[in-house]
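Beneath this line is the structure, given in C-alpha cells, with notes to follow.
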Amino acid sequence: MLLENLRAEVLEANLEVVRHGLVLYTFGNASGISPDRRLVVIKPSGVPYEKMTAADLVITDLDGNVVEGSLRPSSDLPTHLALYRQFESIGGVVHTHSAYATAWAQARREIPCLGTTHADYFHGPVPVTEMSDADVEKDYELNTGHAIVRRFEKLNPISMPAVLISGHAPFTWGRTPMEAARHAVILEEVAKLAYRSAALQYEAAQLERSLLDKHFLRKNGPSAYYGQK
Ligand SMILES: [Zn+2]
C-alpha cells in the first residue's frame, strides 16, 4: 500500500472530528497531502466511520485521478485539491457541517473575533466566501475551492486556517491532517462562543487589537513562547 503513514494520519483526522461530535452519519471528510505534494489521501465517499480502515482511504493525484483504492473518493475532493494546489504551506484539509460554524455560514456572516480563545488560533474574523449561481451549476466542488482561494487573496492560510462557505459549512486546514482536524474542533467551539456572546450583545465586546495580536502571536508568531519548546 502507498503512503501507509499518511493513510494512518488521515484516518485519525477523520475519526477526530467524529469523536468531538462534529459529524453526523457520513457527513464530512478529511484529507492529507504527501510530503512531495504529488498525492492526496482522502476519505472515501459515503463509508460509515465505524467501519472505515486506513485501506479504505483513496489516493489520488492533484488532478483527481485515483492512483490507489477501489472506492470512490469523497465528492468534495476537487475542493481539497484546489486548496492544496494554491496553499503550499498546508498538509491537511477537513470539511464538516458542525452545527455552530454551519449556523454562521448559513447566516452568511463571518465569525467576529470576540475573545482570546478565537485569537489563539484565528488571527481575525473567520471569513465567508460567496459563490455565484454559475459557480454552483457547473464544477461546484472545484469552484468552491476557487472561491476560497479568491477570498484568501490577502489572507495567510496559516494564520487563518478556516473559512465558511456561504449557505453551506466550514472548511479548515493545517500543516498536518490532524492539525486541520483540531482546527475544525476549535472552530466549532469558537463559533459556539461567538453565537452565545452575540446573543448577549457582542457590539460592546469586540476584542481589542492588542489582545488579538498578543494571543495569536504568542502561540504562532516567529517569537512564539506558548507551550513547550
Ligand atoms: Zn458539505
What lysines sit close enough to K43 to cross-link, taking a C-alpha to C-alpha distance under 17 Å and skipping anything fewer than 8 places away on the same chain? K51
For segment 48-89, list residues with backbone N below 18 Å from a point placed 7 Å from the Cα of D36 toward its Cβ? 59-69, 85
What relative contact order, as a whole-number percentage, does segment 1-92 give when Cα pairs under 8 Å and 6 or more residues apart are counted? 26 percent
First obtain the Kirkwood hydrodynamic radius of segment 43-119 from its Cα pairs, then insert it into the Stokes-Einstein equation at 10 °C and 1.306 mPa s, and state the resulting D in µm² per second as a whole number. 106 µm²/s
Cα extents of segment 1-136 along the principal axes, largest first, in whole Å, come to 46, 32, 31
Label point distance in nm, A199-K51, each placed 7 Å from Cα along Cα→Cβ: 3.8 nm
Kirkwood hydrodynamic radius, computed over distinct alpha-carbon pairs, for segment 1-75: how many Å, to one decimal? 12.2 Å
With an 8 Å Cα cut-off and a minimum separation of 6 or more residues, compute the relative contact order for the chain in percent. 23 percent
Going by how many other beta carbons lie within 10 Å of each one, how would you line up H168, H215, fewest first? H168, H215
Return the inverse of the average 1/r over all pairs of distinct C-alpha atoms in segment 73-188, which is the Kirkwood hydrodynamic radius, in Å to one decimal. 13.9 Å
Ratio of segment 104-167's C-alpha Rg to 2.2 N^0.38 Å, to two decimals? 1.18
Provide the per-residue ³J(HN,Hα) series for segment 74-87, in order, calculated from phi with Karplus coefficients 6.51, -1.76, 1.60 and θ = phi - 60°, each as a whole number of Hz, with x at glycine and proline positions. 3, 5, 7, 3, x, 5, 4, 5, 4, 5, 5, 5, 9, 9
Once the convex hull of the alpha carbons of segment 31-79 is built, what does its volume come to per residue, in cubic angstrom? 74 Å³
Taking Cα centroids, how far is segment 1-50 from segment 140-154 in Å? 22 Å
Just A103, A181, A13 to compare: in a GNM of the chain, with alpha carbon springs under 10 Å, which one fluctuates most? A103
Counting other Cβ atoms within 10 Å of each Cβ, which trypsin sites (Lys or Arg not before Pro) in segment 1-53 have at most 11 and sit in a DSSP loop? R38
Can you give the translational diffusion coefficient of the chain in µm²/s, computed by Stokes-Einstein from the Kirkwood radius over Cα pairs at 20 °C and 1.002 mPa s? 120 µm²/s
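Here, each number is a calculation from the coordinates, and none is a lab measurement. All of these numbers come straight from a predicted model, not from anything done at the bench. A quick note on method: Cβ atoms are made from the backbone with ideal geometry, for glycine too, and the neighbour counts reach across all protein chains shown.
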